[in-house]
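Rule-based calculations on the coordinates, nothing more; no lab input. Note that the coordinates shown come from a computational prediction; the quantities given were computed from them, not determined experimentally. For neighbour counting, all protein chains shown are included, and Cβ atoms are generated from backbone atoms with ideal geometry for every residue, glycine included.
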Amino acid sequence: MKLVGLHHVTMITGDAQRNVDFYADVLGLRLVKTTVNFDDPTAYHLYFGDEQGAPGSILTWFEYQGARNGQAGAGMIHTIQLGVPSLEAIDFWAERLAANGYESSRGEQTLRFADWEGLGLELAVADGSNPPLRAEHPEIPAEVALVGIEGARAYAAYANCEEALLTQTLGFDYLGDGEYLLEGSRRRFRWAYDRPSENGRGGAGTVHHIAWATEDEEQLDWQQRIADVGGFVTPVQDRDYFLSIYFREPRGVLFEIATLSPGFAIDEDPEHLGEELRVPQMHAHLREQLEQTLTPLVNPRSHQPVEAGRRWQP
């Protein structure tokens, strides 16, 4: 039994439209799903990724309008690493970020910056074993476009001590100095812990959870494996586009294990992902209310408001 790789990372934002402007326009990702939070349907849940919304490319946000900015601390992810095809691509992104008013700093082979709410991001040359996961944008040539999520770093006490849940239960390799590698069946992912320098607080610009991908038929086995080592793991949750289980790893980060199926094209034409408001089946009775209360979003791909469309019939 082996995890496939990363599925997605989910954050919190205080402004859905500015979130769309940055990730779907400045960074050139595709808005692949416009829906609402299962636990709070009055809040948007936005998904960004490659053209198909493939696991390993997905960044998602819960919107809580006007939420104050948070601060990453112990038990929280502080940096998400995005892949680029080459070192030359980093030059392109330094210029593009500067042109859009975002400062960045160069490392030896990386480019660090933060989004408009302070979420830490880093560009690095992608692992050659990871198939590229690109979105299309008229201002971003394919040879420099983002190619997927390569890694993430979290804060934790005892950061440099090996975490047995990762290595003995989930199948990560420990590389030393708080660094891990998930050698998934389809993609690699770098994971690491650093010592926190200050206390954390949730809010806009912070990470809510990280999700690992599993083959559909193995999810219940993962649930049992986590329970067998004393982890508190949730029942399976139906998220319409995948099934999920959740648990906190010992350092405090909220983990999810999500299935690959059914995917984001289950309720939209693949050519028009993200262009209409989709309401989860469990909240279908709230559609009319949500259409009246949610602030319309302009999708930079179409330059038109996201429409409150009817359920797509394949």
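Details
- For the range 161-208, the list of GluC sites (Glu not before Pro) that fall in a loop by DSSP and count at most 11 other C-beta atoms within 10 angstrom reads GLU198.
- Nitroxide proxy distance, nm - points 7 Å out along Cα→Cβ at GLU271 and ASN199: 5.5 nm
- Antiparallel content of DSSP bridges confined to the chain, in %, to 5: 65 percent
- Dividing the alpha-carbon radius of gyration of the range 5-266 by the rule-of-thumb value 2.2 N^0.38 Å gives 0.95.
- Rg(Cα) / (2.2 N^0.38 Å) computed for the range 1-66, rounded to two decimals: 1.14
- Comparing Cα centroids, the range 22-100 and the range 149-208 end up 19 angstrom apart.
- As a size descriptor, the averaged projected area of the C-alpha convex hull of the range 152-246 was calculated at 7.5 nm².
- Taken one residue at a time, the phi angles of the range 90-101 give Karplus couplings (6.51, -1.76, 1.60, θ = phi - 60°) of 5, 4, 4, 6, 4, 5, 5, 4, 4, 5, 9, x Hz. Gly and Pro are set to x.
- Extension gain for the segment GLN65 to ASN37, taken as residue separation times 0.36 nm less the Cα-Cα distance, is 8.8 nm to one decimal.
- 10 Å-binned pair-distance histogram of the range 1-148 (Cα, whole percent): 11, 41, 37, 11, 0
- Look at the alpha carbon pairs under 8 Å that are at least 6 residues apart: their mean separation over the length of the range 5-266 gives a relative contact order of 24 percent.
- The dipole here belongs to the range 160-252: it is taken about the Cα centre, uses +1 on the Cβ of Lys and Arg and -1 on the Cβ of Asp and Glu, and is about 360 debye.
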